[in-house]
Structure formats: C-alpha cells, structure tokens
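Undergrad: Mind looking over this structure? Questions follow.
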Amino acid sequence: EDQVTQSPEALRLQEGESSSLNCSYTVSGLRGLFWYRQDPGKGPEFLFTLYSAGEEKEKERLKATLTKKESFLHITAPKPEDSATYLCAVGVYGGSQGNLIFGKGTKLSVKP
Amino acid sequence: NAGVTQTPKFQVLKTGQSMTLQCAQDMNHNSMYWYRQDPGMGLRLIYYSASEGTTDKGEVPNGYNVSRLNKREFSLRLESAAPSQTSVYFCASSRQGLEDTQYFGPGTRLTVL
C-alpha cells in the first residue's frame with residue numbers, strides 16, 4: 001500500500017532557529033511530491049511541486065528538496081508567521097487510495 | 001479570481017438528515033475533488049471528477065454521492081448523515097487533470113449529532 005509519513009508530528013522553534021521537516025514515502029509509481037501549508041480553519045495552500053530526485057525549489061524562507069525516498073522542507077530563519085501545519089502529498093499513478101496521498105502533517109510553531 | 005469556493009462554512013446535522021455541500025471554481029479547471037480531513041489522519045479522497053461528465057470513487061466513498069453539475073461546480077451529498085461523517089470537507093480542483101497541482105477551497109466543517 002502506498003504510504004506517506006511526515007516527521008516530526010510537531011516542531012517548536014524560536015524565531016531565527018532553522019530546521020527541517022521530513023516526508024518519507026513508499027509508493028508504486030511517483031508522479032510528483034507536493035508541499036502545502038495549512039493555517040487553522042483554512043484549506044491547504046500550495047507551496048511546491050517536485051518531480052525528480054535532486055530537484056530543489058525555494059520560496060522566501062522555505063526550500064524543498066527531493067530524493068528517491070524522501071523530501072525535506074528546510075525553513076531558514078523562521079518567523080512567527082511561518083507557524084502552520086505543513087502537509088506533504090505524493091502523487092501516484094493509479095493508486096487505490098486516490099491520485100494524491102497525504103501525510104498527516106507537521107505542526108510548526110515559531111515563537112518570537 | 002475567487003479560486004475555489006465552498007458553501008456552507010459550517011453545518012450541524014442530526015443523524016439521518018441529508019444535505020449537499022457545494023463547491024465552485026473559477027479557474028477553468030478540468031478536474032475537481034472532494035476530501036475529508038479528520039484529526040490524526042491525512043486528507044482522504046472521497047470522490048473526484050477527472051473532467052466534466054465523469055465521476056469516480058476515491059478512498060472513502062461510502063455514504064456519499066457526487067454530481068458534476070458543469071465544469072465549474074461539483075457537489076457532495078450526504079443522503080443520511082451519520083456521526084462518523086463529522087469532519088472537515090475540502091473541495092479542490094486541478095487544471096490539466098489528475099496529474100496537475102490541486103488547489104483547495106476553505107472547507108466546510110460538518111458536525112453530525
């Protein structure tokens with residue numbers, strides 16, 4: 001069965017303290033890996049799509065990387081407004097669970 | 001552009017009641033999706049519509065029906081609500097079908113008593 005695991009479940013950082021979130025996956029046919037940000041009471045907001053191992057994408061303080069088995073979301077010098085739940089999703093070909101398999105998310109809290 | 005919109009934002013039902021969740025997108029996307037999000041679980045696909053006129057079951061379709069009314073609108077119906085359907089429901093859409101990035105609406109929080 002296709003699986004996506006995110007770690008840690010929760011992460012507390014001080015403002016300016018850089019860290020990384022992990023998304024590991026086991027899928028039969030990868031067609032892309034997606035990162036979303038979700039604020040409380042709102043829908044997921046698209047951040048990045050990665051398609052092949054070695055690919056990297058950046059947006060402000062966020063940088064996403066992809067290997068054959070996992071993806072990292074690096075947060076450099078975070079600010080309180082970066083506090084949110086970050087969701088990883090893996091696109092699969094013909095998956096029985098649907099074409100986009102989501103992890104459970106990492107809840108990030110950044111304290112000033 | 002409003003993107004993906006959903007109505008209502010909140011709803012409380014009694015067991016056995018029925019209701020329809022509405023979703024519309026103004027991005028001219030071909031594909032639309034319904035997910036549910038429960039505490040401690042990832043988003044799970046209920047139904048999707050790859051293109052206008054087609055619908056398919058996702059991972060958790062039992063107890064739900066859908067209608068792709070036109071290219072813009074995709075509704076989710078609960079015929080006889082159960083407490084297990086208490087959840088937050090999200091609609092999403094993607095441009096070029098199932099392999100494209102999905103964009104989500106703000107969600108509907110449903111409680112079934």
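Undergrad: When the distances between all Cα atoms of segment B:13-94 are binned every 5 Å from zero, what whole-number percent does each bin get?
TA: With 5 Å bins starting at 0, P(r) equals 3, 16, 28, 24, 17, 9, 3, 0.
Undergrad: Under a 10 Å cutoff between Cα atoms, tell me which one of B:Glu73, B:Glu52, B:Glu99 has the largest fluctuation in the Gaussian network model of chain B.
TA: B:Glu99
Undergrad: Next question, about the same structure. Can you give the mean number of other chain Cβ atoms that lie within 10 Å of the Cβ atoms in peptide B:104-112?
TA: That average works out to 2.
Undergrad: What's the whole-number percent of alpha carbon pairs in the protein assembly as shown lying beyond 24 angstrom?
TA: Tail fraction, whole percent: 44.
Undergrad: A further question follows. Is segment A:52-112 rounded, prolate or oblate when judged by the Cα gyration tensor, a ≥ b ≥ c being the square roots of its eigenvalues, rounded requiring a/c under 1.5 and prolate requiring a/b larger than b/c?
TA: oblate
Undergrad: Shifting gears a bit: Taking a ≥ b ≥ c as the square roots of the eigenvalues of the Cα gyration tensor of segment B:19-66, is the shape rounded (a/c under 1.5), prolate (a/b larger than b/c) or oblate?
TA: prolate
Undergrad: How big is chain A in terms of Cα radius of gyration and Dmax, in angstroms?
TA: 13.6, 44
Undergrad: Would you look at the GNM of chain A, springs on alpha carbons closer than 10 Å, and say which of A:Gly43, A:Gly29, A:Gly16 moves the most?
TA: Between A:Gly43, A:Gly29, A:Gly16, it is A:Gly43 that shows the largest mean-square fluctuation.
Bear in mind these aren't lab numbers, they're just calculated from the coordinates by the rules spelled out. Predicted model only: the values in this text are computed from it and were never measured. Cβ coordinates were reconstructed from backbone atoms using ideal geometry, including for glycine residues, and neighbour counts include every protein chain displayed.
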